[in-house]
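Encoded as structure tokens, the structure appears first; notes follow it.
Derivation of every value follows stated rules applied to the coordinates shown; laboratory data play no part. Bear in mind that the values here come from a model prediction, so they are computed numbers and not experimental data. All Cβ positions, glycine included, derive from the backbone under ideal geometry; neighbour counts span all protein chains shown.
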Amino acid sequence: MSLSSQHRIIRPANRLHIKARFSDLSVSQMMAKAHRVMAVIAQSYSQWLRADLEALAAVQKKLRAQPNGAGNKAELFRISHDIRGQAASFGSDMASHVGTSLCQYLERQDYLGANQLKVVNAHINAIRAYLRQSLKGDGGVVGQAMMVELEALIQRMDPPQ
């Protein structure tokens, strides 16, 4: 039996055009439209970040009452992961760095005891300060100092092994 008789080429129907919306806009016009939409969203991103901050604080409160309660660590991770991606997309680099730091910290923790909750609290407070002081981008000198302090706290509470 030859190799060609053992195999058959199947060419599925291309139905993508049914699902795709066509536009009269050029690619550059579509990109410009997308940039305008992103700029509008960026103007109100601090409200989204504030909502995520409140959600983080609510989960933290649950953790204080019931350390290692089912799903609390995962919920903290999910919210901080959202912050990490959204903040970067909308020009809040420091908030994104804090979200990234919290995600990485949570990934290393098997247990969330008193020391670990201090680190979580410091991350929440860093985002709170970012919003309260109306910082932008990486937060400038203030933001950089907060990130250095946050990293120092992590090192004190969670030394590398």
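Any chance you could count how many residues in segment 122-161 are surrounded by fewer than 12 Cβ atoms within 10 Å (Cβ to Cβ) and β-branched (V, I, T)?
2
So, S80, is that one loosely packed, with under 15 Cβ neighbours inside 10 Å and within 25 Å of V40 (Cα to Cα) or not?
For S80, the condition - loosely packed, with under 15 Cβ neighbours inside 10 Å and within 25 Å of V40 (Cα to Cα) - is not met.
Of the residues that make up segment 30-48, is at least one touching a Lys or Arg at 6+ places or on another chain (Cβ under 7 Å) and farther than 26 Å from A145 by Cα?
No, that holds for no residue.
Could you check how many residues of segment 103-121 are among the hydroxyl-bearing types (S, T, Y) and surrounded by 14 or more Cβ atoms within 10 Å (Cβ to Cβ)?
Summing the residues that are among the hydroxyl-bearing types (S, T, Y) and surrounded by 14 or more Cβ atoms within 10 Å (Cβ to Cβ) in segment 103-121 gives 1.
From (1) under 24 Å from E149 (Cβ atoms); (2) under 17 Å from the mean Cα position of the chain (by Cα), pick out the condition that doesn't hold for R78.
Of everything listed in (1) under 24 Å from E149 (Cβ atoms); (2) under 17 Å from the mean Cα position of the chain (by Cα), R78 misses just condition (1).
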